[in-house]
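No value in this document is a laboratory result; all are computed from the given coordinates. Fair warning: this is a prediction, and the values are worked out from it, not measured in the lab. FYI the Cβ positions are ideal-geometry reconstructions off the backbone, even for glycines, and counts take in every protein chain you see.
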Amino acid sequence: VRSAAEEARRPVFRLDGQVHELEAWRAAAPRGAVLAANIRAGGVGVDMSEAGYVVFYSMGYSLTDYEQALARIVGPNQKRKSVCYQMLVSPGTVDEDVCAALRRKAAVADAVAAGARRRAGAAEEARV
């Protein structure tokens, strides 16, 4: 991530369990700085709505961590119309398995929520 950002002449900062460059990134964000964030570090109490570019790496199996990290790049304080984000997934690695598992978990969560909405609608109709 660092070499690609530097090649594009973009400042790059890290946010993970070892390096916490969030404040430096925030100061540089208006200049198109890139934030390379571990999905877990990027999903816990971090406002990334000023981002132009966010690259997530080292994904885990937690659908909640994934969804929280995505929610952090869009928010009420957002000044930009859009944010570019990318999930780094290396071919032939466990990252592909993690992405497939997250897709399956999201499909199950969507099916459960849809079923709950149908049951709630049927219960409401029965009361009327």
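Output wanted: per-residue J couplings in Hz (rounded whole) for segment 5-22, from phi through Karplus 6.51 cos²θ - 1.76 cosθ + 1.60, θ = phi - 60°, x for Gly and Pro.
Values per residue, Gly and Pro as x: 5, 5, 4, 7, 6, 10, x, 10, 9, 10, 9, 7, x, 10, 10, 10, 9, 4 Hz.
Using only Cα atoms, tell me the angle between helix 94-127 and the longest principal axis of the chain; keep it within 0 to 90° and round to the nearest 10.
Tilt of helix 94-127: around 30 degrees.
Only helical DSSP H runs with n ≥ 4 go in: add -39500 (n - 2.57) per run for the chain, normalise by residue count and round the 222 nm mean residue ellipticity to 500 deg cm²/dmol.
Working: 4 runs with 56 residues, N = 128.
Helix contribution divided over all residues of the chain: -14000 deg cm²/dmol.
Give the peptides 46-56, 2-12 in descending order of average Cβ contacts within 10 Å, highest first. Walk me through the intermediate numbers first.
Numbers: 46-56: 20.2, 2-12: 12.8.
Taking the mean over residues of other Cβ atoms within 10 Å, the ranking is 46-56, 2-12.
What residue among V34, V108, V94 shows peak mean-square fluctuation when the chain is described by a Gaussian network model with Cα springs under 10 Å?
V108
Magnitude of the Cβ-charge dipole of the chain, K/R +1 and D/E -1, about the Cα centre, nearest 20 debye?
Values: 18 positive and 15 negative charges, 80 e Å.
So the magnitude is around 380 debye.
List the residues, sorted by chain then number, that are 5 or more residues from F56 or on another chain and whose placed amide H is less than 5 Å from its amide H.
Sorted by chain and number, the residues that satisfy this are A37, Q86, M87, L88.
Subtract the Cα-Cα distance of D95 and R9 from 0.36 nm times their separation in residues, and report this length gain in nm to one decimal.
Full extension from D95 to R9 adds 28.2 nm.
Taking the Cα centre of each part, how many Å lie between segment 16-67 and segment 83-128?
22
Considering the options A107, A120, S90, tell which one lies farthest towards the positive end of the dipole of segment 88-128, charges being +1 on Lys and Arg and -1 on Asp and Glu at the Cβ, about the Cα centre.
A120
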